[in-house]
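Structure first, commentary second.
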Amino acid sequence: MNNSPQALHDKLEAALVELASTRKFLIGLSGGLDSVVLLHAMVRLRDHSGAAFKLRALHINHQLQDQTESWEQHCQCQCALLGVEFISTRVEISGSSGIENTAREARYREFEAELQPDEELLLAHHRDDQMETLLLRLVRGSGSRGLSGIPRSRMLGATRLLRPLLDIDRKELQSYAESEQLIWVEDHSNKDEGFDRNYCRHTLLPLIEARWPGYRQSWSKSAVLASESEALLQELAAIDLDQIAAESKSIVSREKLLALAEPRRRNVLRHWLASLGAKELGWNKLQQLGKKVLQSASGQFIAEDFQVFCFRESLYALDPAELERDLDTSDLGAMSRLPVGGDVILPGNGTLRIRERQGAGICANKLSKLSIRHRRGGETCRLAGRPRKTLKKILQESEVPPWLRSRIPLFYDGDVLSYIPGVGVSEELSAKGTQPGCVIEWEPPNLALRA
């Protein structure tokens with residue numbers, strides 16, 4: 001194997017030709033071996049190949065170890081020596097559990113915030129990182145998406161993240177660093193096998209390599225095959241979603257979903273929620289969604305960033321932030337303040353539309369007596385031509401979606417519930433024959449989950 005610096009330069013240049021769509025790059029620089037090699041090799045390409053790259057480097061100080069100040073200074077010195085603009089930022093990592101994931105999320109937020117619109121992010125993940133990731137995901141029971149491994153490129157905000165070293169072994173990076181007499185920092189926490197990734201790196205993968213020296217190539221092939229399978233699943237999900245979608249992206253047909261085989265159903269559900277910007281559900285949660293919602297004509301599923309209701313044979317994906325928005329439960333005002341023949345916007349709760357109509361709705365001369373409230377529980381009403389019933393029963397019979405029942409504006413004559421928009425008016429206040437009347441309709445707020 002040719003581990004010369006020129007060989008690595010050639011591989012890096014070929015990867016950039018394939019992946020990059022710009023000549024401006026921000027390099028994620030931790031100060032460790034991998035990122036220092038990437039920085040140095042990019043500078044060599046810039047200075048000796050006529051590539052005319054514009055380079056910047058960003059160091060993120062997690063403030064988790066005593067050495068972080070010296071690591072930041074080291075990165076700054078390396079950039080000064082190589083003529084690369086240096087930026088540093090600090091993040092606060094709170095909590096004692098899940099530090100790896102929390103730190104990773106914080107890094108990517110900083111990367112996205114710093115990237116310029118015409119600039120792409122370069123990270124120094126290599127093939128050994130890919131092997132660790134594949135093993136960890138296999139242990140955790142990942143499907144084709146997880147077993148596709150670390151992607152060579154993906155979107156990050158409005159621009160892209162690239163990993164041009166992903167097909168290069170760490171040994172080759174080590175050889176390059178020693179040949180070029182590079183200096184890097186060592187994070188001693190990387191030796192702590194209490195972290196799963198470090199256990200894979202220092203114990204499991206060396207055992208695998210001792211038995212199967214070529215495992216990197218075969219596992220890389222498996223990752224490619226898994227990636228191709230995932231792409232096909234996504235194509236199928238897009239076709240299925242087009243068939244089950246209703247009048248809105250956030251609504252799909254329960255009947256058409258149930259007509260699909262269970263694996264295909266899970267696949268399109270995952271795709272549907274992803275298209276609305278929801279966080280991906282794991283296997284168990286996806287199973288629960290199918291059981292709680294699809295198997296019941298009135299099921300409900302609550303996740304961290306969305307809720308799904310089954311209602312009238314359709315599934316609705318709703319935004320919990322909108323569902324949980326506080327409503328003013330006090331009287332909303334007297335009807336004398338509201339325009340007849342006009343629209344009234346209810347803050348955070350849609351719009352009332354009031355229209356004059358002979359012999360329909362509420363008697364016009366009684367309109368000013370009314371006030372508006374929201375549901376409190378225990379209400380009853382005797383609508384025109386019907387027996388007295390509880391408001392709960394009326395709303396159910398009128399097929400008002402359950403997530404709107406606490407929001408619907410109710411019109412009272414004193415303490416008597418007299419008008420339910422879109423449902424009916426009380427016998428006592430209804431306009432009949434040629435009497436001038438007013439019909440009140442309510443256009444609910446849009447509570448749908450949206451990407």
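Structural remarks
- Region 386-411, subset free of Cβ contacts under 8 Å to residues at least 24 places away in the same chain and surrounded by 13 or more Cβ atoms within 10 Å (Cβ to Cβ), residue nearest to Gly350 (Cα to Cα): Val400
- Asp118 being out of contact with any Lys or Arg (no Cβ under 7 Å at 6 or more places or on another chain), on the phi < 0 side of the Ramachandran plot and either surrounded by 14 or more Cβ atoms within 10 Å (Cβ to Cβ) or not in a helix (DSSP H, G or I) (or both): no
- When residues in region 55-71 are screened for being touching a residue at least 40 places away in the same chain (Cβ under 8 Å) and either charged (D, E, K, R) or not assigned by TED's automatic domain parsing to the domain that holds Lys24 (or both), 1 of them pass.
- Applying the condition of being out of contact with any Lys or Arg (no Cβ under 8 Å at 6 or more places or on another chain), part of a loop (DSSP other than H, G, I, E, B) and touching a residue at least 40 places away in the same chain (Cβ under 8 Å) to region 370-385 and asking which residue is surrounded by the fewest Cβ atoms within 10 Å (Cβ to Cβ) yields Gly385.
- Residue within region 141-149 that is buried (at least 20 other Cβ atoms within 10 Å of the Cβ), in contact with a Leu (Cβ under 6 Å, 6 or more places away or on another chain) and at negative phi present: no
- Counted residues, region 1-18 - those being touching a residue at least 24 places away in the same chain (Cβ under 8 Å), surrounded by fewer than 17 Cβ atoms within 10 Å (Cβ to Cβ) and within 25 Å of Tyr108 (Cβ to Cβ): 0
- Residue pairs meeting the criteria (Cβ under 9 Å; at least 6 apart or on separate chains; first in the same structural domain as Gly194 (by TED's automatic domain parsing) and aromatic (Phe, Trp, Tyr), in region 100-118; second buried (at least 18 other Cβ atoms within 10 Å of the Cβ) and outside any helix (DSSP H, G or I)): Tyr108/Leu161; Phe111/Leu26; Phe111/Gly28; Phe111/Leu58; Phe111/Ile60; Phe111/Leu121; Phe111/Leu123; Phe111/Leu161
- Here the condition is being surrounded by fewer than 15 Cβ atoms within 10 Å (Cβ to Cβ), out of contact with any Gly (no Cβ under 7 Å at 6 or more places or on another chain), in the same structural domain as Ser175 (by TED's automatic domain parsing) and touching a residue at least 40 places away in the same chain (Cβ under 8 Å); of Ser30, Ser94, Ser49, it holds for Ser49 alone.
- For region 420-448, a residue qualifies if it is of a type in the set (A, V, I, L, M, F, W, C), in contact with a strand residue (DSSP E or B) (Cβ under 6 Å, 6 or more places away or on another chain) and assigned to a loop (DSSP other than H, G, I, E, B), and the qualifying residues are Leu429, Ala431, Leu447.
The values are calculated or read from the model by the stated rules, or taken from the named source; none is laboratory data. A quick note: this is a predicted structure, and the numbers were derived from the prediction, not measured. Cβ sites come from the backbone with ideal geometry, for glycine too, and all protein chains shown count toward neighbours.
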